[in-house]
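Each remark here refers to the structure printed beneath this line.
The values are calculated or read from the model by the stated rules, or taken from the named source; none is laboratory data. Keep in mind the model is a prediction, meaning the values are calculated, not measured. Cβ: placed from backbone, ideal geometry, glycine included. Neighbour counts: every protein chain shown. These accessible areas exclude ligands, DNA and RNA; they are computed on the full protein's heavy atoms, side chains included. Shrake-Rupley method; radii C 1.70, N 1.55, O 1.52, S 1.80 Å.
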Amino acid sequence: MAPNPGSKVFNQIAIIGVGLIGGSIARGALEKGIAGEVVLFDGNAEALKRAGEIGFGRPAGSLAEAVANADAVFMCVPVGAIGVVSGASVVAMKAGAILTDVGSVKGNVARDFRALGRTDIHVIPGHPIAGTEKSGPDAGFASLFENRWCILTPEARDDADYVAATDRLAAFWTGLGSKVERMDAARHDLVLAVTSHIPHLIAYNMVATAYDMEAVTEGEVVKFSAAGFRDFTRIAASDPTMWRDVFLNNKEAVLEVLGRFEEDLTALRKAIRNADGQKLFDTFTESRRIRREIIDAGQDTASANFGRDKPKP
Ligand code: NAP
């Protein structure tokens, strides 16, 4: 259930990593009044300074200072850094506080969280299914999470304190405008491999192939880039560190889904070679139906070109 507008869920939160996601949480929490105070830390001194200037909260002088009085600590750094930064944070966190994250992979984060060795704090991995291809503090905006899912992957425990902490974290995300779902970490990683990780891999690969062909086509790939290719380039403009860490940390699920993808691609290649129009038509019709379902579920717009304005001449 959403907290009443303006009602505080946490007195103080700490945001570690003040980029697109951390910045958006900080902004949303202050704008919507669901955190009394936001304390910030980032390994990148420039980003931390900029986050303070934008008004995300109070920059701290150290990681320990940032987390010391926080009721909830949000790890918003790349997946590959979450374990190490969490290890350095828990020693300074107060008993009863929540340690959570926003990483795009959950199995490895849950494993790292379990190894932290503090039984008096509540570790609850999380992942908002919201983002853009931009990074850094200036990319953050308060409405990023509105009407988007946030998946929490809490431990399978039913002690009252842990359940209450999970409910509180869920209320915070609801206060940011998200719809919250709880899920097993392994299931999360398989679902996201299908809906996010493999699509990014395909986009990176498509753009790399076109780049290689650019030499052959003498600039025509860029000059005549059609909507389909332009959409791939938007996805492939995403942060390389973030996506390197996603593939290194979700290896099994990604390889499983990639195997299925390769089989389906081989079937389409065969249909083209054999001039099997029916197979192509049926596959494309089915894909169109899935697009319709995403629009009906309110996860995208039905407007042409995703409702984007025409590019300026
Ligand atoms: P971002 O805009 O690049 O921000 C991350 C910030 O963390 C940067 O300022 C970065 O500094 C800093 N950082 C990196 N390593 C650090 C460390 N060891 N200690 C302290 N600070 C460190 O990234 P983002 O897009 O917000 O992604 C953050 C997390 O959100 C990732 O785990 C990602 O998987 C997850 N996520 C992203 C999206 C998305 O669409 N982008 C969506 C959902 C979830 P430098 O710039 O110097 O590295």
For THR195, THR100, give the ranking by accessible area with the largest first, probe 1.4 Å. THR195, THR100
Run the quick spin-label model on GLU214 and ILE294: label points 7 Å from Cα toward the beta carbon, then report their separation in nm to one decimal. 2.6 nm
P(r) tail fraction, region 119-204 - alpha-carbon pairs more than 22 Å apart, %: 37 percent
Estimated vicinal HN-Hα couplings, Hz - region 28-39 in sequence order (Karplus 6.51, -1.76, 1.60; Gly, Pro = x): x, 4, 6, 4, 8, x, 8, 10, x, 9, 10, 10
For region 278-283, what does the Karplus curve 6.51 cos²θ - 1.76 cosθ + 1.60, with θ = phi - 60°, yield as ³J(HN,Hα) per residue in whole Hz, taken in order and with x for Gly and Pro? 4, 4, 5, 4, 5, 5
Given H placed on each backbone N at 1.01 Å, which residues far from CYS150 in sequence or on other chains put an amide H within less than 5 Å of it? ILE129, LYS179, VAL180, GLU181
Which order do SER178, SER143 take when ranked by solvent-accessible area (1.4 Å probe, heavy atoms of all protein chains), largest first? SER143, SER178
If a/c stays under 1.5 just call it rounded; otherwise compare a/b with b/c (prolate if a/b is bigger, oblate if not). Do that for region 10-184, with a ≥ b ≥ c from the square roots of the Cα gyration tensor eigenvalues. rounded
Considering the alpha-carbon set of the chain alone, what are its Rg and its Dmax in angstrom? 21.3, 66
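Run the numbers for ASP120 and LEU258: contour at 0.36 nm per residue of separation, minus the present Cα-Cα distance, in nm. Let's see the in-between values first.
Values: separation 138, 0.36 × 138 = 49.68 nm, distance 4.00 nm.
Using 0.36 nm per residue and subtracting the Cα-Cα distance, I get 45.7 nm.
If you put +1 on each Lys and Arg Cβ and -1 on each Asp and Glu Cβ, how big is the dipole of the chain around its Cα centre, in Debye rounded to 20? Let's see the in-between values first.
Numbers: 35 positive and 40 negative charges, 98 e Å.
Dipole magnitude for the chain comes out near 480 debye.
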If I compute solvent accessible area with a 1.4 Å probe over the protein chains, what percent of it on the chain is carbon and sulfur? 56 percent
Nearest-10 value in Å² for the accessible area of ILE272, using the 1.4 Å probe: 120 Å²
For ASP101, the residues 5 or more places away or on another chain with a placed amide H closer than 5 Å to its own amide H are MET75, GLY126
Working with all protein chains in place, sort CYS76, CYS150 by solvent-accessible area computed with a 1.4 Å probe, largest first. CYS76, CYS150
In the structure shown, do any of LYS49/LYS134; LYS94/LYS179; LYS32/LYS179; LYS106/LYS251; LYS106/LYS179 have a Cα-Cα gap over 21 Å, and if so which? LYS94/LYS179
In whole Hz, with x marking every Gly and Pro, tabulate ³J(HN,Hα) for region 14-25 from phi via Karplus 6.51 cos²θ - 1.76 cosθ + 1.60, θ = phi - 60°. 10, 10, 9, x, 9, x, 3, 7, x, x, 5, 5
Paired Rg and Dmax values of region 187-296, which use every Cα atom, in angstrom: 16.0, 45
Farthest toward the dipole's positive end in the chain, which of GLY57, ALA14, THR153, given Cβ charges of +1 (Lys, Arg) and -1 (Asp, Glu) about the Cα centre? GLY57
Report the extension gain between SER225 and GLU133 in nm, rounded to one decimal, defined as 0.36 nm multiplied by the number of residues separating them, less their alpha carbon distance. 31.2 nm
